[in-house]
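Each remark here refers to the structure printed beneath this line.
The values are calculated or read from the model by the stated rules, or taken from the named source; none is laboratory data. A quick note: this is a predicted structure, and the numbers were derived from the prediction, not measured. Heads up, the Cβs are rebuilt from the backbone with ideal geometry, glycines too, and the neighbour counts pull from every protein chain shown. Side chains are part of the model used for accessible areas, which takes the heavy atoms of the whole protein and leaves out ligands, DNA and RNA. Shrake-Rupley method; radii C 1.70, N 1.55, O 1.52, S 1.80 Å.
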Amino acid sequence: MRYILLLIPFFAFANVTSELVTGADRKLFSYTQVCEFFGVKDALLASKESSSKIDCMGKSFEISNFCEKKYTGNLNYTKARFDLVDGKIACHFSDTVILELVCKGKYSKFCKNTNESCNELKSEFAHSLDLSTSMILEIYPPRLKCFFQSKSKIPNSTNL
């Protein structure tokens, strides 16, 4: 089984320190393809507006809306991101996602209700996956761990 550890220092809404995914895959789309999906034909000027929005000839769209609509019903779809290397939009998929968040300072609220906090993070990191477990690691500072799993890939205990 292939594991990928992604360090996530760029999300301002939460102090997520790591993201471990299994069965990772992604589909890349050009800015033009995404603009056409939203009804903007022949988008000569398409650019990244923010970390989550694309500008198509002056019209702004959430890239997550593109991936969510394109992959409605896909039980492994997790998130949409700009791929800085390829200059495209990436729709990400995985079998499992494990997030770890440091509950310190303004983020200490995330350790008060683990299920609620993990479900809040789900839309950004594990959209179509189900929350299977949430817990607090009782170290200092405490850490929230969220375990998400796709309904389509329930591991067989004989393979473990």
Using 18 Å as the Cα-Cα cut-off, could you pick out the over-long pairs in Lys59/Lys79; Lys53/Lys79; Lys112/Lys145; Lys88/Lys151?
Lys59/Lys79; Lys88/Lys151
At Thr133 and Leu28, where each label point lies 7 Å from the Cα along Cα→Cβ, what is the point-to-point distance in nanometres?
3.6 nm
Ordered by residue, what ³J(HN,Hα) values in Hz, to whole numbers, does the stretch 98-105 give under the Karplus form 6.51 cos²θ - 1.76 cosθ + 1.60, where θ = phi - 60° and Gly and Pro are x?
10, 10, 10, 10, 7, 8, 9, x
Quick one: give the max-minus-min coordinate of the C-alpha atoms of the stretch 68-160 along each principal axis, largest first, in Å.
40, 39, 22
Excluding Glu100 itself, calculate the net charge of residues whose Cβ lies under 12 Å from the Cβ of Glu100, where each Lys or Arg counts +1 and each Asp or Glu counts -1.
+1
Report, to the nearest 10°, how far helix 114-125 tilts away from the longest principal axis of the Cα atoms in the chain, using its own Cα long axis and a range of 0 to 90°.
30 degrees
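How much net charge surrounds Ile139 when only the other residues with a Cβ under 13 Å from the Cβ of Ile139 are counted, with Lys and Arg +1 and Asp and Glu -1?
+1
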For the chain, set up a Gaussian network in which alpha carbons nearer than 10 Å are linked by springs, and say which option among Lys122, Lys112, Lys88 fluctuates the most.
Lys112
Label-point separation in nm, Lys151 to Lys41, each point 7 Å along Cα→Cβ:
3.8 nm
Probe 1.4 Å, protein heavy atoms only - accessible area per residue of the stretch 32-160 in square angstrom:
56 Å²
Percent of accessible area on the stretch 65-145 owned by carbon and sulfur, 1.4 Å probe?
47 percent
